[in-house]
Structures are given as structure tokens and as C-alpha cells.
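Engineer: Handing you this structure, nothing more for now.
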Amino acid sequence: MNVRGKLDISKIEKRAYICGEYVWAESGKVIEKSSSIDGSDLSGIAACDEIDVEKAVRAANEAFECGIWTGRTLEERKAVLLKLADLMERDREELALLDTYETGRCFKNYYNDSIPKAIECIRYFSECADKCYDTAIPSRGTEFGVIVRKPLGVVGLITPWNDPMVVDAWKFAPALLMGNSVVIKPAEQSSLSLIYVAKLTKEAGIPNGVFNVVPGYGEVAGKALALSNDVRCISFTGSSEVGKLMLTYAGQSNMKRVYLECGGKGPYIVSDKCSRISEAANVLAANMFYNEGQICSAPSRVIINKKVMDEFVNCLKKETEKFVPGNPFESENEVGCVVSRSQFDKVNGYIKWARDNGYEVFQPYLEKDNYEGACAIKPTIIMNVRNNDKIAQEEIFGPVVCIIPVDSSEEALKLANDTRYGLAGALWTDDLNEAKYLAENIETGLVHINSYGNDDNSAPFGGIKESGIGKDKSIFAFDEYSYLKTIWMHFK
Ligand code: NAD
């Protein structure tokens, strides 16, 4: 069934949300862009600049200072956030339609996976915020000390387009529960669902000024937010290149806290001691080609023992047929378009580079090719890749997997770690000793043994090296949006 008709374009809200009101950018400027599904014009979302960001930060600061939100009890904030989750559930179809419309990813994925995950994330943080205890320092005679958790003030959140609602929820839910005010700069490619959520925050009872959305271009609105002296923390998800800029902006302004969730080039080690080769191939395909490969933690480097490579690749080639792109609004399709024409060109540029440099490139045969005008890319396997080539080192962020043959698990580990990234990885083996050795030594924030993509709100998510600093999800996320204050008391 095609669900495109359910989206009423005339009713889409495209304005920024500042101090509880929808407003256009003061300059009147809008973001200009076109659809990756059919090339149609998607321009018109407010393009905020320094003036609008300053307004939003001021509103957030005033709301924080007057205590309208931070002065409420955790139980009260929790009730409001739980109401927000319920409202998002009520409007789940609308949110999924908006994200599909803007990003070209399949409605089915948004409706069944991403939007429910965002809702569950808000519920998770709401339920565990009041279970984080303050701590007493060991008693020392007449001295008594406690460590309490305090909100930071205004928190700036800068998010990407590849899973908009989920990443937004990972950040705004713990930040709000800790009592902060937030100003969120969504990606220019995917702002509509967050703009929609803004009105739900009002309906849920979040006071004016506590939740603000400033859509706009990264180098204008994002930069202004990250440079603001009144913002105490920036939590960013996006590319490592822009992540590094965040650290610079913090240094150029008020030394604000910076947390970064950046890119990845996930190693997926398959040992000759693995007996579940077809399962390893199927799990790889499901995690690599889902969301058109636009996943930071995608297992895009298969580092495989030569003895099992042919069997693995044959299974993987067959599996690619399940991930042939189709119209994202057809509710049965699994795979749609990449986010934009420029992303389409970038990914195809890497595939062309591989062909031009003599690599064998496999894509499944299609009886009917991709529908006309769409930025859709077939799942792609590049064979016998050298780990130091750019296709193995750079984040392609599309449905492209490199197969890297090795002779031993020592060599596999060396290549797995020979990357600037360190987000997620996996290893497949029946040998427990080998599993322990590899899992302990792979340099990633997350590692799977004989699986991939396991997910739970209680598990911290985030990388090391140039994949980032800090963690989203889990109770550890509260640490990013609060500071610890030690209070000493003296008794006579
Ligand atoms: P991006 O770095 O281009 O943009 C991310 C955000 O930063 C956007 O909101 C953008 O407008 C803003 N931005 C861009 N330039 C800026 C600047 N100069 N100053 C301030 N803000 C600026 O990334 P993207 O293309 O939107 O997203 C894809 C990237 O995100 C990939 O590298 C992917 O791996 C990464 N990602 C990481 C995670 C994770 O949890 N580790 C999750 C999702 C995506």
C-alpha cells in the first residue's frame, strides 16, 4: 500500500520553535533542498541564523533561571515526559510520514522501528531518572558530606539526518529530565519531525522556553549554538570532521562541555573457527543494508579468514536480493533512497573508484531497475579490499561493504584496529578463547560476539578514537547533562 497520500503537505509546520511559539527566521530565509525520492522541491523550512539562535538561547536561559522547569520535582518532570511519549505514540504515523518525506528512507522502518524506539527511549529515561541517588561521603566525626547532581543550564543539541527522531530523543530526554533547558539544531535534511514534536512538548506540559528548535544550516545555526557563551554543553551527533569543530568552538567560547557521537567503519571479523557462516552473512546484510547503509555503526568492513570467505560471500550475494531499493512510501518495502542527491553522488563515487581501481564489485541483478529519478543505490559488495585503501578507511555511509581477506585472527585484529574510528564491531567464532581475546582487544565502544545490532536503552552507546567522546543512552547519559556538586556540613 502506498501511504504517500496520508501526508497533508499543506499542513506541514516548517517554522522554528522558540519560547513556546512557532516563528520564521528573522531574516525570512528558508532551507533550500529537493526530495531524494522524486526530485520535488522540499524547500521552505526556516533557516535560522545567529539572531534566531541567540533568541532561543536567551529564552532557554530565562526559563532555566526562573526555575519553571528545573524547580519541579523529578516526579513532575517524569510525568510530563511520559505524556510526551504517549503523544508521540498517538501521532506516530505523522512522524513516520514526515521523516520518510524528507529523508527517503522507508516508511515501514520509521513506523515500526525508529519512532517506537524514540518513544521507548523517552519512557526509559523518564522511568530511571528518579532512581539515580545522590551519594553521602563516608562520615568523618563532626563533618558530613553529600554529593548532589545539578543541571547544567542551557544544553545545545546538534543532530544528524540518518535517524532523526531516535538521536534527538537519546539527547533531549535525559537533558530535560535532569532539569536543563534545550535548544536543538536538527540536520537541514531532516527537521520536520522534530518541529512537529515541539508542539507536542507544549501539549505535554513542557513550559515555554524549555524546549526550542532552531532548524538551519550547520555552519550558520549549528555554529552559532556551539559558540554561544550561554550554552553550557553541546551534545553532537554527526561526522567526525564536524565533531572536531565542536571542540574548537568550545575552546573559542566558554569551554563548554562537548560530547560527540561521530562516524564509524565497523569491523566484522569472521574467523575460520566459525561454523555459522550463512547466519554471519545474513546478519551482516540485515545490519549493513538496512537504512540504505546510512548507519554510523554499520559493519562496513568484513575482515574474514580466507578459508571461509567464498562460502560467506556466496551467502551474502544471495541475501542482497532482499535489500533491493523500492519506493519508500510503499508500506511493504524495506529499503528506499539515500538522503539526498549529493549523498547519492558521494556513495556512487566510491563505487566508481573501486571499479576504476580494478576491484571486483558485486550488485544484485534487478529485472526492473530503480524507479526513475530516485536516489536509490543497490546493495554493493567490493571484493578483496586492501585495508589501507580509501574505501576501507573512509566512511562511505551507503549500502557498500568491503570484504577484506586475512590468514589469522591476529591479522584480523590488527586490521580491525587499523582505522581512525572506534564505534562498533563484531566477531564470529565458535572458539571461546578467540572470542574473549578479540572482544577484549577490538578498539570500539561496542562489540558483538556471534551477533550484531543488539540494542537496549540501558546499554550505553558511543565510541572511542575519532568516533566520539561520551555516551548516549543508559543511566550514564545523565552524567553528560548534569554536574556533581560536593556539599560539606559541619556539626559541633
Ligand atoms: P554532519 O556532521 O554533516 O552534520 C551533523 C549536524 O551538524 C547537522 O545538524 C549539521 O547541520 C551540523 N553541522 C554541520 N556543519 C556544522 C558546523 N560547521 N558547525 C556546527 N554544526 C554543523 O553529519 P550528517 O551528514 O548529518 O550525519 C552523518 C554522520 O553522522 C555520519 O558520519 C554518521 O556516522 C554520524 N552519526 C553518528 C552516530 C553515532 O551515534 N555515533 C549516529 C548517527 C550518525
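Engineer: Looking at (1) open to solvent by less than 60 Å² (accessible area, probe 1.4 Å); (2) within 29 Å of Ser126 (Cβ to Cβ); (3) part of a helix (DSSP H, G or I), find the lone condition where Thr70 falls short.
Structural biologist: Against the list (1) open to solvent by less than 60 Å² (accessible area, probe 1.4 Å); (2) within 29 Å of Ser126 (Cβ to Cβ); (3) part of a helix (DSSP H, G or I), Thr70 comes up short only on (3).
Engineer: Out of everything in region 125-150 that is surrounded by 21 or more Cβ atoms within 10 Å (Cβ to Cβ) and at pLDDT 95 or above, what residue ends up being farthest from the ligand (Cβ to nearest atom)?
Structural biologist: This residue is Ser126.
Engineer: Of the numbered conditions (1) in contact (Cβ under 8 Å) with a residue 40 or more places away in the chain; (2) part of a helix (DSSP H, G or I); (3) surrounded by fewer than 21 Cβ atoms within 10 Å (Cβ to Cβ); (4) not aromatic (Phe, Trp, Tyr), Asp38 satisfies every one except a single condition; which is it?
Structural biologist: (2)
Engineer: Going residue by residue through region 237-255, is there one that turns out to be among the polar types (S, T, N, Q), within 11 Å of the ligand (Cβ to nearest atom) and more than 27 Å from Tyr483 (Cβ to Cβ)?
Structural biologist: Yes: one or more hits.
Engineer: Okay, moving on. Go through (1) of a type in the set (A, V, I, L, M, F, W, C); (2) touching a Phe, Trp or Tyr at 6+ places or on another chain (Cβ under 7 Å); (3) open to solvent by less than 10 Å² (accessible area, probe 1.4 Å) for Met288 and report which single condition fails.
Structural biologist: (2)
Engineer: With Lys414, Lys436, Lys492, Lys378 as the choices, which residue is basic (Lys, Arg), within 28 Å of Arg341 (Cα to Cα) and either more than 22 Å from the chain's Cα centre (by Cα) or not in a loop (DSSP other than H, G, I, E, B) (or both)?
Structural biologist: Just one listed residue meets the conditions, Lys378.
Engineer: Quick one: what pairs do we get from region 383-396, first residue in contact (Cβ under 8 Å) with a residue 24 or more places away in the chain, second charged (D, E, K, R) and open to solvent by 20 Å² or more (accessible area, probe 1.4 Å), C-beta under 6 Å, 6+ apart or different chains?
Structural biologist: Sorted first by the residue in region 383-396, then by its partner, the pairs are Met383/Glu360; Asn387/Asp418.
Engineer: Still on this model: Given the criterion out of contact with any Asp or Glu (no Cβ under 8 Å at 6 or more places or on another chain) and within 14 Å of the ligand (Cβ to nearest atom), identify the matching residue among Val213, Val220, Val182.
Structural biologist: From the options Val213, Val220, Val182, the qualifying one is Val213.
Engineer: Then there's this: Is there a residue being open to solvent by 10 Å² or more (accessible area, probe 1.4 Å), small (Gly, Ala, Ser) and under 19 Å from Lys223 (Cβ atoms) anywhere in region 17-26?
Structural biologist: No - not one qualifying residue is present in region 17-26.
Engineer: Which of the numbered conditions does Val231 fail, given that it passes all the others? Conditions: (1) farther than 25 Å from Ala79 by Cβ; (2) more than 11 Å from the ligand (Cβ to nearest atom); (3) open to solvent by 10 Å² or more (accessible area, probe 1.4 Å).
Structural biologist: Exception for Val231: condition (3).
Engineer: Answer yes if at least one residue in region 88-95 is out of contact with any Asp or Glu (no Cβ under 7 Å at 6 or more places or on another chain) and part of a loop (DSSP other than H, G, I, E, B), and no otherwise.
Structural biologist: yes
Engineer: Here is a list: Cys48, Cys66. Which entry is touching a strand residue (DSSP E or B) at 6+ places or on another chain (Cβ under 6 Å) and either among the aromatic types (Phe, Trp, Tyr) or within 28 Å of Ala224 (Cα to Cα) (or both)?
Structural biologist: None of the other options fit; the residue is Cys48.
Engineer: Looking for something open to solvent by 30 Å² or more (accessible area, probe 1.4 Å), touching a strand residue (DSSP E or B) at 6+ places or on another chain (Cβ under 9 Å) and aliphatic (A, V, I, L, M) - is there at least one such residue anywhere in region 378-394?
Structural biologist: Among the residues of region 378-394, not one is open to solvent by 30 Å² or more (accessible area, probe 1.4 Å), touching a strand residue (DSSP E or B) at 6+ places or on another chain (Cβ under 9 Å) and aliphatic (A, V, I, L, M), which makes the answer no.
Engineer: Please tell me if Lys265 is under 21 Å from Val447 (Cα atoms), within 10 Å of the ligand (Cβ to nearest atom) and assigned to a loop (DSSP other than H, G, I, E, B).
Structural biologist: yes
Engineer: Another question about this same structure. Go through region 235-259 residue by residue and tally those that are open to solvent by 10 Å² or more (accessible area, probe 1.4 Å) and either under 19 Å from Glu443 (Cβ atoms) or of a type in the set (D, E, K, R) (or both).
Structural biologist: The total comes to 4.
Engineer: Also: For region 382-406, which residues satisfy the criterion of being within 22 Å of Lys317 (Cα to Cα), over 26 Å from the mean Cα position of the chain (by Cα) and not in a strand (DSSP E or B)?
Structural biologist: The answer is Met383, Asn384, Val385, Arg386.
Engineer: Among the residues of region 218-252, write down those that are assigned to a strand (DSSP E or B) and touching a Gly at 6+ places or on another chain (Cβ under 8 Å).
Structural biologist: Correct list: Cys233, Ile234, Ser235, Phe236.
Engineer: Also, I was wondering about something else. If only one of Lys318, Lys322 is within 30 Å of Ile37 (Cβ to Cβ), at pLDDT below 95 and in a helix (DSSP H, G or I), which one is it?
Structural biologist: The unique qualifying residue is Lys322.
Engineer: Tell me, which residue of region 445-475 that is acidic (Asp, Glu) and within 21 Å of Met165 (Cα to Cα) is nearest to the ligand (Cβ to nearest atom)?
Structural biologist: This residue is Asp472.
The values are calculated or read from the model by the stated rules, or taken from the named source; none is laboratory data. Everything numeric here is computed off the predicted structure, so don't read it as measured data. Don't worry about glycine lacking a Cβ; one is built from the backbone with ideal geometry, like all the others, and counts go over all protein chains shown. Accessible surface is based on the protein model in full, side chains and every heavy atom, while ligands, DNA and RNA are left aside. Shrake-Rupley method; radii C 1.70, N 1.55, O 1.52, S 1.80 Å.
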